[in-house]
Every structure is written in structure tokens, then in C-alpha cells.
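Working notes, structure below.
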Amino acid sequence: MKKYLFLLIGMAMLLAACDDSSEGDTSEEENNGSRTEEVAAEINSEEANTEEMGKRDALYYLEEITKSSLNISYLTDGDGEAEIKQLLTEGIDNIDTAIKDIEKNFNSEDPLTKEVVEVADFVKEASEKYLDDNDFEALSNASGEIGYMVGVIARNYLDKELPPTIARVSEDFSEVDESESNDKGQLDKQVNEELEDFIEEYNRYGSQLDGFELLDPNSFEDRQETEFGTSQVLHSSDDYVIRVAYDSDNEINSFAVGVVDNESGNAFSSLFFVGEVLGINNDSLVVAMSETLDERRNQYNFSESGYKVTIFNELENQSSELTLSVWFEKE
């Protein structure tokens, strides 16, 4: 059995409509060598560049930054901790080299450059944490966030094209055994007990606002299969989106709220209601949103009531339909 990472959980939310995103991966991998040579030639140039990062550069560096951690997905139960640690150690070395190259050749204020560096920092931090405490579950959760971050970059800057390794992992692990697919298909409209409790509590808050749209299980979209379970849209409008993700045992592992209209009171009310139901203090969310939106940070993390809350600032991404995305992941 594979030691699966939760890469596709993040990517499914961003690239579900991009079935063609992995086409041409083979040629991409074949051309990766020529890209490497071209980037190396630029790096060896006597005159340091301060230019904006291009699509090809971003794909090259994202590949160097993520390939070691993503290849852990291909380790089998016969592979031990030594193999994982070797991959992560090599990955950290690749990240350090990539960061030096990026700092030398690209404008640090370029938006794409900044987002690639943020991915590098996050992958390195997650890798170092695993090397310290051997927490594979935390590494798996981090992989889901890596998938989300790379998915955002691919959507906003790279014409939805993915680096070769992440595209290959996505394609390889998207194939589901037909019998398993049939079993999961029966869960499409099912609402488990935990979600029933969530809906009841959420609607209790929402009923106090005139005109606020309550959650109706009969109107939920069908569940979409992911490599590690399913995900389901609970609400979708021009103002906001609510999604829930389940693991392979049909247990909820995360909720996500995407705010589309930053002037919609209902959108932020919904966000706070989700937080209240999950035990997240409203003041914590206000502080976190202030850190991301007012201080122009791309993301902010904090933990509370057994959830890791991550807020992603989408305001700087002109092609994004969202103002911000908030993930509530069980720790």
C-alpha cells in the first residue's frame, strides 16, 4: 500500500475544472532538461538580473522545490524512515539552492517570485519538522497545503500548468479502482452525523439574520472523489462558497470557506458562523484576517479548538475570483 500524501485534497479545490491540466506532461518532463540548462545559463550570467519571474522559470523552481517531498507518495510499506528522511534532506538542499538562485536573478517584490519563495519556505519548514519529530500525519497534511499553494500559483500565473512531478503524482493517484469508485458513489448525497450536527448549529446562527441562506442538505452538490476520500460543496453563490472534505473512512477532516465578494455581509457572516460552530473565536478570525488583508500577507496560520486555521489572501491575485480562502483542518 502506498504511503499517500494529501496532495490532491488541496489541488481538487482549485483545479477540478481543469481536466486537461496534466496533458502534455510527458513532453514537459522531456523538455525539463533543456529548461534546466537555460535557467543555469541565466544563473551563470555575470550580470545579476532583477527581472520578474516568468512562467517557465516558476515551473522549473517549483519542480526543484517540491519534487523530493512529492516523491514520498511513491514509497511503499517496505520503505523505511531512512528513505523518507533521505528524500527530505535532498529536498532541503534543492530548496536552499533554488532560493539562492531566485534571490540572485529575480526581483524580490515580483508577485510570482514572492509566491514561489513562500512555497519554498513552507516545504522546507514542513520537511525540517518531520526530520525533527517523524510525524507522518503532519507531513501528509502539509502536502495538502503544498498542493493548494501550487494550485493557486498554477491557476493565477501559469495557465493552470503544473510542474512535472506534481502533474505526474496527480495523474497517477487520480486512478481509482472501479469497485471503490462504486462504493464511494453511493455516498454522494449522504450526510453523516457530524455534518448533521454542523448544519443544525450553523443554521441556528444563520436563522438570526434576516434573509440569510441556510444550509439545505437536499441542495448540496454531489460529492467529488479525491484520492483520499471525497469533497462536497455545501453552498455556492456569487458571495461565498462552503466546502467540506472527508477522508477515506467518510470522516470529516476539513471545512473551507471562500469569500468571493468582500463587500458581502452574508459572506463574512457565513465565515464567522462556520468558525463558531467549530469552536473558533471570532476575535481570532478578525485578527487573522487583519494580518492577511490589512498587512497584505499572503497567508496566516493559527491553531484553536483542535483545528489549524489557514487564511489565504487572494486580493493581490487579479485573476482570482476570491477575496480570501479560509481552511479549517482538524489537527
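The values are calculated or read from the model by the stated rules, or taken from the named source; none is laboratory data. Worth saying up front: this structure is predicted, and the values here are computed from it rather than measured. Note: ideal-geometry Cβ built from the backbone for every residue, glycine included; neighbour counts use all protein chains shown. The area values use the complete protein model at the heavy-atom level, side chains included, leaving out ligands, DNA and RNA. Shrake-Rupley method; radii C 1.70, N 1.55, O 1.52, S 1.80 Å.
Summary table
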item: Given (1) modelled with pLDDT of 90 or more; (2) of a type outside the set (Phe, Trp, Tyr); (3) out of contact with any Leu (no Cβ under 6 Å at 6 or more places or on another chain), number of the condition Leu234 does not satisfy; result: (3)
item: Search result, residues across the stretch 99-123 that are within 17 Å of Tyr60 (Cα to Cα), under 21 Å from the mean Cα position of the chain (by Cα) and of a type outside the set (Val, Ile, Thr); result: Pro111, Leu112, Lys114, Glu115, Glu118, Ala120, Asp121
item: Glu201, sole failed condition from (1) more than 16 Å from the chain's Cα centre (by Cα); (2) within 27 Å of Ile84 (Cα to Cα); (3) modelled with pLDDT of 85 or more; result: (2)
item: Selected residue (only one of Ser303, Ser269, Ser231, Ser290 is under 30 Å from Val117 (Cα atoms) and assigned to a helix (DSSP H, G or I)); result: Ser290
item: Filter result for Val241 (of a type outside the set (Phe, Trp, Tyr), surrounded by fewer than 22 Cβ atoms within 10 Å (Cβ to Cβ), in a strand (DSSP E or B) and at pLDDT 90 or above); result: yes
item: Filtered residue count, the stretch 263-277, keeping only those that are farther than 16 Å from Glu201 by Cβ, surrounded by 15 or more Cβ atoms within 10 Å (Cβ to Cβ) and not hydrophobic (A, V, I, L, M, F, W, C); result: 2
item: Selected residue (criterion: most open to solvent (accessible area, probe 1.4 Å)) from residues of the stretch 90-102 that are in contact with a helix residue (DSSP H, G or I) (Cβ under 7 Å, 6 or more places away or on another chain) and within 13 Å of Glu125 (Cα to Cα); result: Ile92
item: Those residues of the stretch 300-331 which are among the aromatic types (Phe, Trp, Tyr), at pLDDT 90 or above and within 20 Å of Asp121 (Cα to Cα), in sequence order; result: Phe302, Trp327
item: Hey, Asn253 surrounded by fewer than 17 Cβ atoms within 10 Å (Cβ to Cβ) and either closer than 14 Å to Ile311 by Cβ or within 19 Å of the chain's Cα centre (by Cα) (or both) or not; result: no
item: Residues located in the stretch 162-196, provided they are at pLDDT 65 or above, surrounded by 12 or more Cβ atoms within 10 Å (Cβ to Cβ) and more than 23 Å from Ser68 (Cβ to Cβ); result: Asn192, Glu194, Leu195
item: Filtered residues of the stretch 90-141 (kept if of a type outside the set (Lys, Arg) and either in contact with a His (Cβ under 9 Å, 6 or more places away or on another chain) or in contact (Cβ under 8 Å) with a residue 60 or more places away in the chain (or both)); result: Asp101, Asn105, Pro111, Leu112, Thr113, Glu115, Val116, Glu118, Phe136, Leu139, Ser140, Asn141
item: Any hit, the stretch 45-58, residues being among the aliphatic types (A, V, I, L, M), modelled with pLDDT of 85 or more, out of contact with any Phe, Trp or Tyr (no Cβ under 8 Å at 6 or more places or on another chain) and more than 27 Å from Gln299 (Cβ to Cβ); result: no
item: Sole exception among (1) modelled with pLDDT of 90 or more; (2) touching a strand residue (DSSP E or B) at 6+ places or on another chain (Cβ under 8 Å) for Ser264, by number; result: (1)
item: Residue under evaluation Ile280, criteria (1) open to solvent by 30 Å² or more (accessible area, probe 1.4 Å); (2) outside any helix (DSSP H, G or I), criterion not met; result: (1)
item: Residue among Asp121, Asp110, Asp132, Asp159 that alone is acidic (Asp, Glu), open to solvent by less than 50 Å² (accessible area, probe 1.4 Å) and modelled with pLDDT of 85 or more; result: Asp110
